[in-house]
Amino acid sequence: MPTDKVYKTADDFNVAVIGCYSKLQGQVSYFTECCEYRSDNLSLSAPTAGTQDRYDIDQFADKASNGILESAWANFNNGVYRCNLVLDKIDAADFDATLKKQYKGEALFVRALTYFNMYRLWGGIPMTDKVVTVAEALKIGRSSEQQVFDFLTGDLNQVINENMLPSSYTGTDTGRATSGAAMALLGKIYLTFHKWTEARNVLSQLIGRYSLMPTPDKVFDVDNKMNDEIIFAVRFNKDVEGEGHGYWFSIINLTDDTNQTKALKECYKDGDKRKDLITYVKVEDKVCVMNKFKDLKSATYNTVGNDQIILRYADVLLMYAEALNEISYSNSQTSDAMVALNAVHTRAGLSPVQITELADQDSFRKAIMLERQQEFPYEGHRWFDLVRMGGAKEAMKAEGHTIQDFQFLYPIPKTELERINNTELLWQNPGY
């Protein structure tokens, strides 16, 4: 059906924007696979017929024909297409201007999040801000790092500066992208590109705007999913067929080849409440559920009600501490960076970190890196944190992998290289 016949009313565009969000449900498993198995959080002891691609990711035996990477590339780009379709059509529609601005802001946010995740996996990727034909798509080349940065920050700064998104929602709209989500994502993008001052400036606006839950387990309460700590999450609904989330959260066969690494299991101090969250509890014969995402009312694949948290306040606090430390190390116990770090650390039931333990900028950086590993396992952060903070080679060497700089990125899928068939537009990442 022609799109000009479909997208006319506010209801039409609401459905279209929800379609943008729905693509994120498929995306979260891809970047979690490409982040957790890649890192020192998870490992596979041996491949099976169904886990070879995942095993290759875990072992740094990357192939351009990896099915996970091929599917991820296609899924991400389909999500971008949906966002661009909204943005292409919405200005010509006739309905409430405030609602129209919100829908545009949501589409810009989801597009920025999608392209950001693609960039973290592959580096510069082909990007477009409008709907293109298949023939036109074949002529779009890879963007430079600067072009990616300008595209992502341009979208999000537009959302923020033009007040496109509300600070919160009520009722069934709860969980849609907010102004705070746009700021948190922008801060993470600035960190990724090592724009420390810009990251500090935007993240500082979120300090005190959200709050930490009293204990770590409360963050993941399925009966209070959009709690005060959650800034943005991909929503799942176990009561709707096909809308449950099962990849990380539910069924783990006790004979599965997936293992938590020694590095993860031993990174916690005695008394750290977060350690209990990475253990598995038995629900029924040969089925166990990770405590962190426990939803005991549902113990079958794809019927877990947990959302996939993308941005939360603990992340903002640690990103803020990271930006401040990179700008200028402070040896004060009461510095903003130290206060932010200890807010997360003490919430876990631990005594405050003392500045005497962090003698210089590098030791402070490593403390943040460790805190992030303890706070965010299985949330899709670890590999990206290691790459951004310069700890990937050391961490993977401890896991028995000697890696090279080119392995910070994945190979461009073979299917895409063959489709474009022009190395001046789309070329393979060096080393592959």
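The values are calculated or read from the model by the stated rules, or taken from the named source; none is laboratory data. Being a predicted model, the structure only gives us computed values, none of them experimental. No Cβ is skipped: glycine too gets one built from the backbone with ideal geometry, and neighbour counts run over all protein chains shown.
Checked against (1) touching a strand residue (DSSP E or B) at 6+ places or on another chain (Cβ under 8 Å); (2) surrounded by fewer than 16 Cβ atoms within 10 Å (Cβ to Cβ); (3) not in a loop (DSSP other than H, G, I, E, B), Leu113 passes all but a single condition, namely (2). Residues of region 64-87 that are within 23 Å of the chain's Cα centre (by Cα) and assigned to a loop (DSSP other than H, G, I, E, B): Ala64, Asn66. For region 338-348, the criterion of being buried (at least 23 other Cβ atoms within 10 Å of the Cβ) and more than 23 Å from the chain's Cα centre (by Cα) is met by at least one residue. Of everything in region 31-63, what is outside any loop (DSSP other than H, G, I, E, B) and aromatic (Phe, Trp, Tyr)? Give them in sequence order. Of everything in region 31-63, those that are outside any loop (DSSP other than H, G, I, E, B) and aromatic (Phe, Trp, Tyr) turn out to be Phe31, Tyr55. Screening Ala64, Ala46 for residues that are out of contact with any Ser or Thr (no Cβ under 9 Å at 6 or more places or on another chain) and aliphatic (A, V, I, L, M) leaves exactly one candidate, Ala46. Restricted to region 60-73, and to residues there that are in contact (Cβ under 8 Å) with a residue 60 or more places away in the chain and surrounded by fewer than 16 Cβ atoms within 10 Å (Cβ to Cβ), the residue that is farthest from Ile140 (Cα to Cα) is Phe60.
Filtering region 161-185 to residues that are surrounded by 14 or more Cβ atoms within 10 Å (Cβ to Cβ) and either without any contact (Cβ under 8 Å) to a residue 40 or more places away in the chain or out of contact with any helix residue (DSSP H, G or I) (no Cβ under 7 Å at 6 or more places or on another chain) (or both) leaves Tyr169, Gly175, Thr178, Ser179, Met183.
Please enumerate the residues belonging to region 315-362 that are touching a helix residue (DSSP H, G or I) at 6+ places or on another chain (Cβ under 8 Å) and among the charged types (D, E, K, R).
Kept after step one, since they are touching a helix residue (DSSP H, G or I) at 6+ places or on another chain (Cβ under 8 Å), are these residues of region 315-362: 315-327, 329-333, 335-338, 340-341, 343-345, 347-348, 352-353, 355, 357-358, 361.
Listed by number, the residues that qualify are Asp315, Glu322, Glu326, Asp336, Arg347, Glu357.
Residue pairs whose Cβ atoms lie under 6 Å apart, separated by 6 or more positions or on different chains, with the first residue in region 99-127 and over 15 Å from Asp88 (Cα atoms) and the second at pLDDT below 95 and part of a helix (DSSP H, G or I), are Asn117/Phe31; Leu121/Cys34. Residue check: Pro377 meets all listed conditions (1) more than 30 Å from Glu229 (Cα to Cα); (2) touching a Lys or Arg at 6+ places or on another chain (Cβ under 8 Å) but one, namely (1). Residue count for region 116-156, restricted to those that are among the basic types (Lys, Arg) and outside any loop (DSSP other than H, G, I, E, B): 2. The set of residues from region 189-203 being closer than 10 Å to Ala323 by Cα and either outside any loop (DSSP other than H, G, I, E, B) or of a type in the set (Val, Ile, Thr) (or both) comprises Tyr190, Leu191, Trp196, Thr197, Glu198, Ala199, Arg200, Asn201, Leu203. Being touching a residue at least 40 places away in the same chain (Cβ under 8 Å) and closer than 17 Å to Phe408 by Cα: is that true of Cys83 here? Judged against the criteria, Cys83 is not a match. Of Ala314, Ala299, Ala337, all but one fail to be touching a Ser or Thr at 6+ places or on another chain (Cβ under 7 Å), at pLDDT 95 or above and either aliphatic (A, V, I, L, M) or outside any helix (DSSP H, G or I) (or both); the exception is Ala337. Here Asn77 clears all of (1) of a type in the set (S, T, N, Q); (2) over 17 Å from Asp150 (Cα atoms); (3) in contact with a Lys or Arg (Cβ under 9 Å, 6 or more places away or on another chain) except the condition numbered (3).
So, Lys104, is that one part of a loop (DSSP other than H, G, I, E, B), of a type outside the set (S, T, N, Q), out of contact with any Gly (no Cβ under 6 Å at 6 or more places or on another chain) and at pLDDT 95 or above or not?
Working: part of a loop (DSSP other than H, G, I, E, B): no; of a type outside the set (S, T, N, Q): yes; out of contact with any Gly (no Cβ under 6 Å at 6 or more places or on another chain): yes; at pLDDT 95 or above: yes.
No.
Going by the conditions given, is Asn77 within 30 Å of Ala395 (Cα to Cα), crowded, with 16+ Cβ neighbours inside 10 Å and of a type outside the set (Lys, Arg)? For Asn77, the condition - within 30 Å of Ala395 (Cα to Cα), crowded, with 16+ Cβ neighbours inside 10 Å and of a type outside the set (Lys, Arg) - is not met.
Sort through Asp405, Asp385 and tell me the only one that's of a type in the set (D, E, K, R) and surrounded by fewer than 19 Cβ atoms within 10 Å (Cβ to Cβ).
Asp405
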